[in-house]
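The values are calculated or read from the model by the stated rules, or taken from the named source; none is laboratory data. Source: prediction; values computed, not measured. Ideal geometry is used to build each Cβ from the backbone, glycine not excepted, and the neighbour counts take in all protein chains shown. The protein model used for the area step is the full one, side chains on, heavy atoms only, and it has no ligands, DNA or RNA in it. Shrake-Rupley method; radii C 1.70, N 1.55, O 1.52, S 1.80 Å.
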Amino acid sequence: MRKTIKFFFAAISIFLLLQGCGERGPMGPEGPRGPQGPQGPEILPTSFEFEVDLLPSNNFEYIQPIPSQIEVFSSDVMLAYVFEEYIAEDDLEVWRKLPLNEFNSSGTLLMDFDFTTIDVRIFLDANYTLSGADEFEGLLIRAVHIPADFLSTSKAQQAMQAGTFNDLQQVIGSEVNHLKLD
């Protein structure tokens, strides 16, 4: 009797299991649209400024941590500008985008930058051995973080080509948030 009960139990289990493996039925109608969710945060480009000394004692490089208020992802873009001059009659700041080349009697000097998700590095490179004559003190650098979600791919290319900070603001279509570092 036990064997018969086990057999019927196994047969019914296999039958039910195999019945669930048939073809899928037709798709039902689409349900009603759900309510609008809350608006996500607006992600805008953010800039911060810092002063740099590129000297033989620091191997002609300076590493600036990215402020904790800025979350940088590997898909984001970072640009760097060096303060060139202030035109008082127009109340205008002139910023030049890095990298910058300088041609001198020793060869070619390059001021450039790179970044990670945690810092920005400003450095000098040259096709000759750098010396004290190549040092820079008190450079004001403005780094601009542009989140990948903010720009379409075409705007990202235009932002990378923007030669000045004002050109960058025109490309992105808004004012860049500026953080004050303590």
Notebook entry, point to check: Taking the Cα centre of region 1-111 as the origin, how large is its charge dipole in debye, to the nearest 20, when only Lys and Arg (+1) and Asp and Glu (-1) carry charge on their Cβ atoms?
Noted result: 2260 debye
Note to self: Probe of 1.4 angstrom, ligands and nucleic acids ignored: what's the accessible area per residue over the chain, in square angstrom?
What the structure shows: 70 Å²
Item checked: the chain - share of DSSP beta bridges that are antiparallel (%, nearest 5) -> 90 percent
Next item on the list: Quick one: compute the contact order of the chain, relative version, from alpha carbon pairs under 8 angstrom and 6+ residues apart, as a percent.
Entry: 30 percent
Check: What whole number of Å gives the distance from the Cα centroid of region 96-138 to the Cα centroid of region 28-58?
Finding: 30 Å
Checklist line | Distance (nanometres) between label positions extended 7 Å along Cα→Cβ at residue 71 and residue 53 | finding: 3.6 nm
Check: region 1-109: percent of C-alpha pairs farther apart than 25 Å?
Finding: 65 percent
Next item on the list: Give the Kirkwood hydrodynamic radius (Å, one decimal) of the chain, defined as one over the mean of 1/r across all pairs of different Cα atoms.
Entry: 21.2 Å
Next item on the list: At 0.36 nm per residue, minus the direct Cα-Cα distance, what do residue 7 and residue 101 gain on full extension? Give it in nm, one decimal, please.
Entry: 25.2 nm
Checklist line | the chain: most fluctuating residue of 128, 81, 62 per GNM, C-alpha cutoff 10 Å | finding: 128
Next item on the list: Evaluate the distance, in nm, between pseudo-label points positioned 7 Å from the Cα of residue 27 and of residue 90 along their respective Cα→Cβ axes.
Entry: 5.8 nm
Margin query: Taking only complete DSSP H runs, can you tell me which helices of the chain stretch 24 Å or more along their own long axis by Cα positions and average at least 1.0 on the Kyte-Doolittle scale?
Written below: 2-19
Check: In whole percent, how big is the carbon plus sulfur part of the accessible area of the chain, probe 1.4 Å, protein atoms only?
Finding: 54 percent
Checklist line | Estimated inter-spin distance, residue 140 and residue 167, nm [label 7 Å along Cα→Cβ] | finding: 2.1 nm
Notebook entry, point to check: Using a Gaussian network model of the chain with C-alpha springs under 10 Å, which one of 164, 116, 129 is most mobile by mean-square fluctuation?
Noted result: 129
Margin query: Show me the three semi-axes of the equivalent ellipsoid for region 93-150, from the C-alpha gyration tensor (sqrt of 5 times each eigenvalue), largest first, rounded to whole Å.
Written below: 26, 13, 11
Checklist line | Among 63, 118, 14: highest mean-square fluctuation, GNM of the chain, C-alpha pairs under 10 Å | finding: 14
